[in-house]
Structures are given as structure tokens and as C-alpha cells.
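Inspection log for the structure reproduced underneath, given as C-alpha cells.
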Amino acid sequence: MLLRVEDLAFGYGNRIVGSGVSFGLEAGEILCLLGPNGGGKTTLFKTLLGLLPARAGRVHLDGADLFTLSRTAVARAIAYVPQAHAAFFPFTVREVVVMGRASRLGPFSAPGPADEAAAERALETLGIGHLSGKIYTEISGGERQLVLIARALSGEPRLLMMDEPTASLDFGNQARVLMQVRRLARSGIAVMLSTHDPDHALLCADRVVALQDGRLAACGPPAETITPELLRGLYGIDVVVTSVPGLAVPVCAPILD
Amino acid sequence: MSRGPAAVAGEVSARRNLGLSAAILSGLALLALILAALAIGKYPVSLADLGGVLGHRLLGLPSRVPAAVETVVLQVRLPRIVAALVVGAALSAAGATYQGLFRNPLVSPDILGVSAGAGLGAVLGIYLGLPVAAIQGLAFAGGLGAVALVYGVGLAVRRHDPVLTLVLAGVAVGAVLGAGISLLKVLADPYNQLPAITFWLLGSLSSVTLGDVAAILPMMLLGLTPLVLLRWRMNLMSLGDEEARALGVETRVLRPVLVAGATLVTAAAVSMTGVIGWIGLIVPHIARLLVGPDYRRLLPASLILGAGYLLTVDLIARSAGTIEVPLGILTALVGAPFFLWLLAAGRRGLG
């Protein structure tokens with residue numbers, strides 16, 4: 001198992017945000033994290049990335065204790081895709097993507113031709129090779145999100161952690177990002193992503209982890225786990241989960257009264 | 001459109017060649033500026049005489065110029081030129097580093113209180129009537145002390161974003177130190193000490209000796225070394241603490257190292273010349289407009305541009321009027337309009 005989370009408690013300083021969380025993630029698997037705002041998704045991500053210390057429990061990366069690994073060792077295995085943001089300085093897309101090589105370089109070295117080639121490969125994988133000379137701050141939000149995924153891929157990680165990769169993207173770009181997630185998982189990379197849209201979990205996830213008030217509300221295959229009861233518990237609204245002709249997975253829609 | 005690694009490597013080496021020719025070109029421009037600065041001044045030296053002096057000193061040719069010319073070139077102008085190059089390069093590199101670390105285009109090397117601390121140290125030295133070397137020593141110690149205090153506060157307050165805490169602590173500590181400077185100005189003898197204090201706080205290269213430069217050079221090199229060696233990592237630092245750490249950068253080690261380097265360089269520069277504002281703020285912007293934000297090119301560009309900029313400003317300061325204008329005034333007067341013009345011209349580089 002690539003990542004094993006056992007009875008994890010997480011939080012900032014003395015404040016415990018969540019506890020009792022256990023799940024595992026295999027190579028090539030897509031795990032989707034659902035939960036309301038403030039449910040602890042981002043804090044869980046930061047803890048699994050080793051950016052925050054665990055308050056209790058264990059996280060094993062390839063059998064090794066995550067919190068004893070160096071930043072470089074963690075970053076080589078796990079790549080983080082933040083929400084598309086405006087970088088502060090106007091780097092070119094090429095410069096942004098090659099930053100994903102940092103964990104594979106010594107502290108005083110700069111990327112060489114092999115690293116530049118890895119960055120170009122990552123851009124080609126996502127079909128955005130044409131962006132490489134563009135300025136990151138001048139491309140669209142959807143393109144930025146793809147560039148950040150390319151940056152993560154350029155470090156050749158085995159696990160991608162994506163914090164709401166579809167947030168603030170238009171309908172088409174949301175679907176494009178989800179398609180890329182599926183393609184990456186088929187190539188053997190494990191993907192863990194959070195989303196506010198249960199339909200995204202139904203469309204692409206192998207497993208759903210629902211987090212509510214810092215506790216595991218549900219964990220299992222999406223079609224069995226995402227029920228009106230779970231969604232009402234998570235979000236406090238009535239939801240219809242139904243199958244529609246022509247679609248292999250059910251869809252969710254809220255009931256407005 | 002898939003491109004092979006050969007195409008990528010070719011493109012990379014093409015960019016390298018372009019960078020190399022730009023470096024050679026800017027080096028030649030700087031050399032021309034240095035020769036002009038040796039020749040121009042209140043006592044004009046012809047290029048032939050300048051060649052004679054340099055030939056005598058560098059190549060051991062027989063001297064054929066009056067001793068007065070040699071004195072002007074080597075004793076008066078050379079120390080100022082060397083100091084201008086070193087201080088301009090140092091302040092610009094420190095400014096570029098701080099702007100990246102704090103992700104803010106308004107950041108200058110004073111952000112963590114180094115100028116205020118050095119200012120208080122120097123003003124105290126002038127107030128107590130200490131010799132020049134002691135004033136410089138106090139300025140250096142004051143600059144480092146102020147930043148150490150700010151960094152200590154930043155480490156003690158762990159509840160907020162570490163970068164924001166540092167900036168706010170720097171503002172607060174700077175205000176206290178500024179109050180101390182103002183108090184000493186009120187207390188100082190208005191006929192002797194106050195002009196000296198004012199002159200020092202505006203920065204000048206007029207009394208710099210080669211010995212002064214030699215004294216601060218080790219500190220400069222020590223401070224610049226991490227900035228130069230870690231310059232690609234600076235790109236990652238400019239993404240912010242969390243993203244840099246997620247990408248595998250140990251920011252808890254890198255940030256103090258970079259802050260220490262930039263602070264050492266600034267404190268050393270300020271202790272020798274007084275507070276010269278604007279350079280550390282503006283030169284990194286100009287460099288970014290010219291070569292982009294990648295620190296692999298930005299840092300060398302800042303070093304060269306900063307050296308050339310302060311040399312030019314000092315040349316104006318000592319040759320434009322009948323009295324010598326303090327550098328702090330000129331760096332703003334020359335720099336700000338040029339900066340606004342670049343801004344209007346609209347090249348990439350601002351946040």
C-alpha cells in the first residue's frame with residue numbers, strides 16, 4: 001500500500017481539527033475527499049503532505065513513517081497541486097513547471113537539460129505544450145490549473161494530492177481536469193483529490209472518503225457511499241441521487257424548495 | 001506537437017547562449033562606465049592620461065602623467081568607484097532577495113529594520129563623538145541587532161503566517177528605532193552633530209577609502225554566497241512557505257540563511273556609506289523588467305545593474321553641482337522617473 005493512514009488526528013497547534021481518520025491508498029487509485037467547508041479537508045491534506053505534524057496516529061508512506069522523512073523524500077513521492085492561484089511574479093509556464101523538479105535536485109543546483117526535458121514531457125502529457133513559453137500570470141484559470149498539475153508531474157511523483165482542483169474552473173475545464181486525473185491514475189499514479197461536487201467523485205473516484213467535523217463520515221466505493229443520507233448529513237440539504245440513461249454512474253442534484 | 005529531448009536541449013542551450021552574450025555585453029557596458037567615472041569629475045582627466053595611469057599601475061609601464069592626475073584617479077576616484085560598485089550590487093541583490101522572500105514588490109532591504117538599526121547605531125556613534133571606525137562598527141552591529149530582534153519576534157509569535165509576522169515585526173521594530181534616531185537628533189548639537197547625522201542618514205561615498213571597502217568585503221562575500229548559490233531555490237521561496245515546502249524545499253533552513261545573507265550584505269553596505277534608499281527597491285524591478293523573474297538571471301542582473309546604477313548616481317552626485325548632493329536624494333530623483341517610464345513602457349516583471 002502506497003499510503004496508509006491509521007487513526008490520524010490532525011490540527012493546528014493545540015487545536016485538533018479532526019481525529020480517528022483511517023484509510024489507505026494504492027498506486028493507480030483515485031480517492032476523492034468530500035465534506036463541507038470547515039470539515040477539515042485542507043488540514044488533512046497539509047498533514048498528509050507532512051506540512052503539519054500529526055496530533056495522534058500514524059501515516060505510512062511505502063511503509064515508512066511519513067513524519068520522519070525529509071521534505072525532499074516526501075516531495076519526491078507526493079506532489080501537491082494547490083488551487084489555481086495567481087503566482088506573485090510573472091514566471092513563464094516553463095519556469096513554473098520546472099520548479100516541480102526541486103526535490104530531485106541538490107540544494108545548490110539549478111535544473112539542467114534533463115529537468116527541462118521532464119518539464120516539457122509533463123506539459124505534453126497534459127496536452128499544454130503550446131503554453132510553455134507563455135507567462136503564467138497571463139493565462140486563464142483553467143490553464144493555470146493544468147500547469148500546476150504539470151508542475152507536480154514533472155517531479156515524477158507516485159501520489160498526487162489535489163486540493164479542490166476543479167474549484168473556480170468553468171464547466172468544460174472541470175471535465176478536462178477530471179479526465180486528466182483519470183488518465184494519470186491509469187498510468188499508475190495514485191491521486192487524492194478534494195471536491196465540493198459529489199458528481200465528480202461519482203465520475204472519477206475509486207473510493208470516497210467523507211469528512212465531517214473532522215471525523216470519517218463514510219469511506220467506500222462512490223456508487224455505494226454517496227447516498228442522499230450521507231449528503232444530507234454532510235451538507236444539511238436534501239439531495240436526489242439517481243441514475244440517468246446513457247451514463248454509467250448516478251448523478252446528484254439538490255432539491256430546492 | 002511532441003518535441004524530442006534534442007529539440008528541448010537545443011532550445012535550452014540557445015537560451016544559455018543568449019544569456020551569455022547578454023552577460024558579456026553588460027560587463028563591457030559596466031567597464032565603459034567605470035572608465036568614464038575615472039575620467040569625469042571636477043578635475044577632468046583625459047582618456048590618454050587615464051590610459052597612462054592604468055598602464056603604469058596595472059602593466060608596470062613607465063609613468064608619464066603628473067602625480068596630481070594619478071592622485072585624483074587612484075586616491076580620490078578609485079575608492080569611490082569601487083565602493084559604489086560594491087554597495088550598489090549588494091543593496092540590489094539584497095533587495096531582490098527580500099522581494100522574493102516576502103513576495104512583495106514594495107519591499108526594500110530595510111524591510112526587517114536593518115537600515116533603521118544601522119541608522120540608530122551610527123547616529124549614536126556621532127552623538128557620542130566616536131571616531132569613524134567606531135561609528136561604522138556601531139552601524140553594522142545596529143543593523144544586525146535590529147534584524148535579529150525582528151527575527152526573534154517572528155519566531156516567538158507562531159500564530160500567524162511566518163512571513164507576515166516578520167514584516168509586521170519589522171515595521172514595529174523599525175518605528176521604535178526611528179523614534180530613537182529622532183530623539184538623538186533632537187538631543188544632538190545642532191551646529192556640529194546634526195548636519196553629520198543628516199548627511200549620514202542620506203548616504204554618501206565621499207569619504208570612503210579602499211581600506212573601508214576592504215574591511216567590509218569579507219562580510220559582503222559571506223552574505224552574497226548563499227544568495228548566489230541558492231538563487232534557483234529563491235524562485236520556489238517566492239511561491240510562499242507552504243507551496244515551497246510541498247515542493248520539497250526546507251524553508252525553515254533556507255529562509256533564515258537567505259535573510260542572514262541579505263542582512264549581512266545590507267548592514268555591511270550601510271555601515272560604510274550610510275543609508276542609501278531606493279536602490280534595493282528599484283533595481284530588482286528594473287532587472288525583472290529586463291530579464292524576467294527567474295532568479296537564475298534576476299540575481300546576476302540585479303548585481304550588475306545595481307553596481308552600474310549607484311556608480312552613475314555617484315558620478316552625478318560629485319560632478320553635477322558645486323556642492324555634493326547626498327546619494328539618497330539622487331537615487332530617488334534619478335530612479336523614480338526612470339522607474340515610472342519603465343512601468344509605462346509596460347514590459348513584464350511587476351506582480
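The values are calculated or read from the model by the stated rules, or taken from the named source; none is laboratory data. Note that the structure is predicted; figures quoted are calculated from it, not measured. Every residue, glycine as well, gets a Cβ built from its backbone with ideal geometry; the counts of neighbours run over all protein chains shown.
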Report task. Might you let me know whether region B:138-146 holds any residue that is touching an Asp or Glu at 6+ places or on another chain (Cβ under 7 Å) and surrounded by 14 or more Cβ atoms within 10 Å (Cβ to Cβ)? Result -> no
Requested in this report: Mind listing just one residue for me: the one in region A:200-226 that is modelled with pLDDT under 95 and of a type in the set (Asp, Glu) and, of those, nearest to A:LEU126 (Cα to Cα)?
Outcome: A:GLU224
Query raised in the report: Hey, A:THR42 hits all of (1) buried (at least 22 other Cβ atoms within 10 Å of the Cβ); (2) closer than 26 Å to B:ALA156 by Cα; (3) touching an Asp or Glu at 6+ places or on another chain (Cβ under 7 Å); (4) of a type outside the set (A, V, I, L, M, F, W, C) but one; which does it fall short on?
Result: (1)
Query raised in the report: Taking the stated definitions as given, is A:VAL5 touching a Ser or Thr at 6+ places or on another chain (Cβ under 8 Å), crowded, with 22+ Cβ neighbours inside 10 Å, at pLDDT 95 or above and within 12 Å of chain B (Cβ to nearest Cβ)?
Result: no
Requested in this report: From B:GLY113, B:GLY100, grab the single residue that is closer than 30 Å to B:VAL228 by Cα, of a type in the set (Gly, Ala, Ser) and within 14 Å of chain A (Cβ to nearest Cβ).
Outcome: B:GLY100
Query raised in the report: Within region A:114-129, restricting attention to residues that are farther than 28 Å from B:VAL253 by Cβ and more than 9 Å from chain B (Cβ to nearest Cβ), which residue is surrounded by the fewest Cβ atoms within 10 Å (Cβ to Cβ)?
Result: A:GLY127
Report task. Output the residues belonging to region A:19-75 that are within 14 Å of chain B (Cβ to nearest Cβ), under 18 Å from A:ASP163 (Cβ atoms) and aromatic (Phe, Trp, Tyr). Result -> A:PHE45
Query raised in the report: Any idea which residue in region A:198-257 is surrounded by the most Cβ atoms within 10 Å (Cβ to Cβ), counting only those that are part of a strand (DSSP E or B) and charged (D, E, K, R)?
Result: A:ARG207
Report task. Please find, among B:GLY154, B:GLY129, the residue that is surrounded by fewer than 24 Cβ atoms within 10 Å (Cβ to Cβ) and either charged (D, E, K, R) or outside any helix (DSSP H, G or I) (or both). Result -> B:GLY129
Query - Only one of A:PRO111, A:PRO107, A:PRO53 that is surrounded by fewer than 19 Cβ atoms within 10 Å (Cβ to Cβ), out of contact with any Leu (no Cβ under 6 Å at 6 or more places or on another chain) and farther than 30 Å from A:CYS219 by Cβ - result: A:PRO107
Requested in this report: Check region B:281-302 and report whether any residue there is farther than 24 Å from A:VAL93 by Cβ, assigned to a helix (DSSP H, G or I), touching a Gly at 6+ places or on another chain (Cβ under 8 Å) and small (Gly, Ala, Ser).
Outcome: no
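Among the residues of region A:104-125, count how many are touching a residue at least 12 places away in the same chain (Cβ under 8 Å) and either of a type in the set (Phe, Trp, Tyr) or assigned to a helix (DSSP H, G or I) (or both).
The number of residues fulfilling the criteria is 10.
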Report summary line: Taking region A:202-249 and keeping residues under 23 Å from A:GLY18 (Cβ atoms), among the hydroxyl-bearing types (Ser, Thr, Tyr) and in contact with a Pro (Cβ under 9 Å, 6 or more places away or on another chain) leaves A:TYR235
Requested in this report: Pick out the one residue from B:VAL157, B:VAL147 that is at pLDDT 90 or above, out of contact with any Lys or Arg (no Cβ under 7 Å at 6 or more places or on another chain) and of a type outside the set (Phe, Trp, Tyr).
Outcome: B:VAL147
**Report entry** Flag for A:PHE88 being in contact with a strand residue (DSSP E or B) (Cβ under 9 Å, 6 or more places away or on another chain) and within 12 Å of another protein chain (Cβ to nearest Cβ)
**Finding:** no
Report summary line: When region A:91-103 is checked residue by residue, the ones that are more than 8 Å from chain B (Cβ to nearest Cβ) and either aromatic (Phe, Trp, Tyr) or in contact with a Gly (Cβ under 9 Å, 6 or more places away or on another chain) (or both) are A:VAL93, A:ARG94, A:ARG101
Requested in this report: Go through region B:317-344 and count every residue that is in a helix (DSSP H, G or I), surrounded by fewer than 17 Cβ atoms within 10 Å (Cβ to Cβ) and either among the hydroxyl-bearing types (Ser, Thr, Tyr) or touching a residue at least 12 places away in the same chain (Cβ under 8 Å) (or both).
Outcome: 4
Report task. Would you mention how many residues in region B:30-49 are surrounded by fewer than 12 Cβ atoms within 10 Å (Cβ to Cβ) and either among the acidic types (Asp, Glu) or not in a loop (DSSP other than H, G, I, E, B) (or both)? Result -> 4
Report task. Please determine, by comparing only the residues of region B:228-285 that are on the phi > 0 side of the Ramachandran plot and within 14 Å of another protein chain (Cβ to nearest Cβ), which one is surrounded by the most Cβ atoms within 10 Å (Cβ to Cβ). Result -> B:GLY248
Report summary line: Here the residues within region B:87-125 that are surrounded by fewer than 24 Cβ atoms within 10 Å (Cβ to Cβ) and polar (S, T, N, Q) are B:ASN104, B:SER108
Report summary line: Counting only residues that are polar (S, T, N, Q) and either more than 30 Å from A:TYR12 (Cβ to Cβ) or over 24 Å from the mean Cα position of the chain (by Cα) (or both), region A:205-252 contains a total of 3
Requested in this report: Out of B:ALA94, B:ALA116, B:ALA122, report the one residue that is within 13 Å of the chain's Cα centre (by Cα) and either farther than 15 Å from B:SER238 by Cβ or part of a helix (DSSP H, G or I) (or both).
Outcome: B:ALA94
Requested in this report: Kindly check whether there is at least one residue in region A:64-79 that is modelled with pLDDT of 95 or more, part of a strand (DSSP E or B), touching a Ser or Thr at 6+ places or on another chain (Cβ under 8 Å) and crowded, with 17+ Cβ neighbours inside 10 Å.
Outcome: no
